[in-house]
Structures are given as structure tokens and as C-alpha cells.
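Trainee: My questions will all concern the structure given below.
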Amino acid sequence: MTLEDMLIGCLIMAGVTYITKAISLLLFRKEIKNTFVQSFLYYIPYSVLAVMVFPAILFSTDIIWSGLIGTAVALILSFFKRGLLVVSLSSIAAVYLAELLFRILL
Amino acid sequence: MRLKRGIKDGIPIALGYFSVSFAYAVLARKTGFPIWFPILVSATNFTGTGQFVGTELIAAGAAIAELFSAMLIINIRYTLMSLSLSQKMGSDFPLWQRAIIAFGVTDENYAVAIRQPQKLTMSYLLGLMVCSFAGWVGGTVCGAALGDVFPPSLMSAFGIALYAMFVAIIIPPSRSDKSVLFLVCISTAASCLFYFTPVLNTLSEGWVIIIASVFCTTIAALLFPRKEPASDQNTSKQETPNSQNNTDIAANDDNREDLK
């Protein structure tokens, strides 16, 4: 990699990323009144997040078992409406402990 | 006050980001990039998956067109998010403020901002985004500087951080709202279909997110139109009490009756 490759690459990445983020914020400034579109925009984040999380969360760690345990911890804690930070840190701890245990046992 | 709320909401995101961008920087250094490169990318891009993939492509000597289209496909979901965010910002947001806010649109900032019950303000969004951006860049700097001495076992555990946060965002409303639960279930099913089916799993992540979420959300929006887009619409009615607006709302109510 030359310096030029890196700078041009970074410029393209930043440019494309900014355009995808900005285009609808800058162009669609009027409020949408259509019920279907309103419902669609209300629901879309839940769908996007669900698609991004499952099943990828299971494979987000080194071994599937720690991924399963971390996922279970996240599901249970958020079912009982714990905050984002609590859920996140607990899952990290669960994965870490699970992998530690596996290393000791195997 | 609003700024403070934004910062407070941004802290858990910043912590999650710190670990992810840390991992990103370590990976970039391992691939052979100089210390400044991941920091520059994090400071100018502020996006997760896109940065991982883009950096890999640059390392592999990919053509400009390939880098361009990969970034576009991965990031196109932001266009949907910005569109829905735009609806929560009110029409009195000046263009230059929108241009600044646009940079801070990320999956997490969006997910947290869109959950706010009231219209979004510049100070709230700025607090939220500056806070999470600090976590993002801070994690990258630390990762680039001391990635070599970081225990890999801890790295694996950090891999789950942001996913766990997403779970915490989608599960509570699924409990209280059956239509959200339905949507989360079919979205998960669709995602698994793309993930595990032989030919379908060759599709890139960006496309899967768009196809699956647009399809599933359309079904949910048709089956369960929101009965009370109330708070948003009422405020807008007060802000711009012109006849055009009112007829639109009336027509809107008719549509809703039809859908029932």
C-alpha cells in the first residue's frame, strides 16, 4: 500500500459514507403524512436491528458456545428491561467467563 | 438540559463503540497499516461495518469502483435511517444543522434518537453524537497505539458488545407491543434464511439488511398501521396550522380506516 492508495481509499470511504447518511436528511425535509409511510418509518429500526443482530450475534465471539451464552444473557436481561449499558457489559462479562471456563476445562 | 440528556444517552454507546473501534484499529495495524490510518478513517467515516470492510479492501488493493460499490451497499441503510430521523426533526431544522447531524448518523445513534418520545433538538443530537464520536475515535486511538499488548481473550468478549446493545433496544418494545414483536420475529426469520441458505448467503450483508428489512417492515406496516402517529402529527399541526396540512391529515385518517 502506498500513501496515495491509503489517502484515496479513505477519501472514497468517507465520501460514500457521508452521502448515504446525508442525502435523505438534506432532501426530504417535509413531513410525511401518509399513514403507510409513517408506519413504515416507525417500524423500520426494529427490523433493521433484528436483521443485523440475528443470527450474527451467535457468531460474534471466538467460539459458538460463548456466543450462545452471551446471547442468552442479553436476551434475559433485556426481557427484564435492563438498560443498554447493563445488558452490554453483562454480555461481555458472560462471554469472557464462558471462554475462560472452556479454556480451563478443555 | 437537552445537551446533558444527549450526553447521558451517548455514554453507553460510547463505551460500546470504544471496544468496537479498538478492535478495528488493532485489526488495521495487524493488516500492516501505519498508526495514523485507522485514526484518520474513524475520524472521517464514523461507521462500523463500512470501515472494517473498506480497510480490508484497501489492504487487498481493490479497485476504486469496487471500494465505492462495497461502501455504498453496506451504508445504504443509513439513507433509510436518515429518512426516518428527518421525520422526527421537524421542518424548522436549518440545512447546515442537518448537514452536521448527518455525519453522526450511525446505527446506534439512530436507534437511541428515534426512541425519544418528543421531537429531536439540535442540542440533544449534538450531545448524543459528540459523546459517541468521542468513544469511537478514542477507542481507535487506543487500539492503534496499544493493540499489541491487548489480550485476545478480552477482544473476543468485546465482539458481542454492540449486538447485546441492539438486543436491549429491540426486546423491551417487543414485550409491550405485539406488532413490534411480530416484526422482530419475521425479520429474524428472514435474516436467518439469508444467513443459512446456500445461494442466498453469498449476498453481502448490506443487501441482506436492505432486502429483509424493507420486505418485513412493509408487511408490518400494512398489517398494523400505527393507530396514533399522534404526538408528532399534533405538534406539527400546531406549528403550521394551514388548511393544506389539515386536509392531508383528514385524508390520512381516511386511509387508516381503509386499512383497518
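Trainee: Applying the Karplus parametrisation 6.51 cos²θ - 1.76 cosθ + 1.60 with θ = phi - 60° to the phi angles of segment A:63-73, what ³J(HN,Hα) value in whole Hz is obtained for each residue in order, glycine and proline being reported as x?
Mentor: 10, 4, 5, 5, x, 4, 5, x, 5, 4, 4
Trainee: Please work out the C-alpha center-to-center distance from segment B:138-174 to segment B:6-23 and express it in whole Å.
Mentor: What the calculation gives is 9 Å, centre to centre.
Trainee: Then there's this: Please compute the volume of the convex hull spanned by the alpha-carbon atoms of segment B:105-180 and report it per residue in Å³.
Mentor: Expressed per residue, the convex hull around the Cα atoms of segment B:105-180 is 99 Å³.
Trainee: What is the Rg over Rh value, at two decimals, for segment A:1-49, using alpha-carbon atoms and the Kirkwood definition of Rh?
Mentor: Here the Rg-to-Rh quotient is 1.25.
Trainee: Mean 1/r over all different Cα pairs, inverted: what Kirkwood radius does segment B:86-222 give, in Å?
Mentor: Mean inverse Cα-Cα distance, inverted, gives 17.9 Å.
Trainee: Take segment B:1-55, compute every pairwise Cα distance, and split them into 5 Å bins from 0; I just need the percent in each bin.
Mentor: 4, 19, 26, 20, 12, 10, 6, 3, 1
Trainee: Most exposed first by the Cβ proxy, i.e. fewest other Cβ within 10 Å, how do B:Ser191, B:Ser179, A:Ser88 rank?
Mentor: B:Ser179, B:Ser191, A:Ser88
Trainee: What is the Cα convex hull volume of segment B:163-222 when expressed per residue in Å³?
Mentor: 81
Trainee: I'd like the Kirkwood hydrodynamic radius of the protein assembly as shown, using the inverse of the mean 1/r over distinct C-alpha pairs, in Å.
Mentor: After inverting the pairwise mean of 1/r, the radius is 21.3 Å.
Trainee: Let me ask something additional. To check my understanding: the extent here is largest minus smallest coordinate of the Cα atoms along each principal axis. What are those three numbers for chain A, in Å, largest first?
Mentor: Taking max minus min along each principal axis of the Cα atoms, chain A gives 57, 51, 21 Å.
Trainee: Report the per residue volume, in Å³, of the convex hull enclosing the C-alpha atoms of segment B:40-129.
Mentor: Looking at segment B:40-129, the number lands at 100 Å³ per residue.
Trainee: Taking the Cα atoms of chain B alone, what are Rg (to one decimal) and Dmax (as a whole number) in Å?
Mentor: So, for chain B, Rg and Dmax equal 20.5, 66 Å respectively.
Values in this text are rule-based calculations from the coordinates and carry no lab data. The shown structure was predicted, so the numbers you read here are calculated from the model rather than taken from an experiment. Here Cβ is always computed from backbone atoms with ideal geometry, including for glycine, and neighbour counts include all displayed protein chains.
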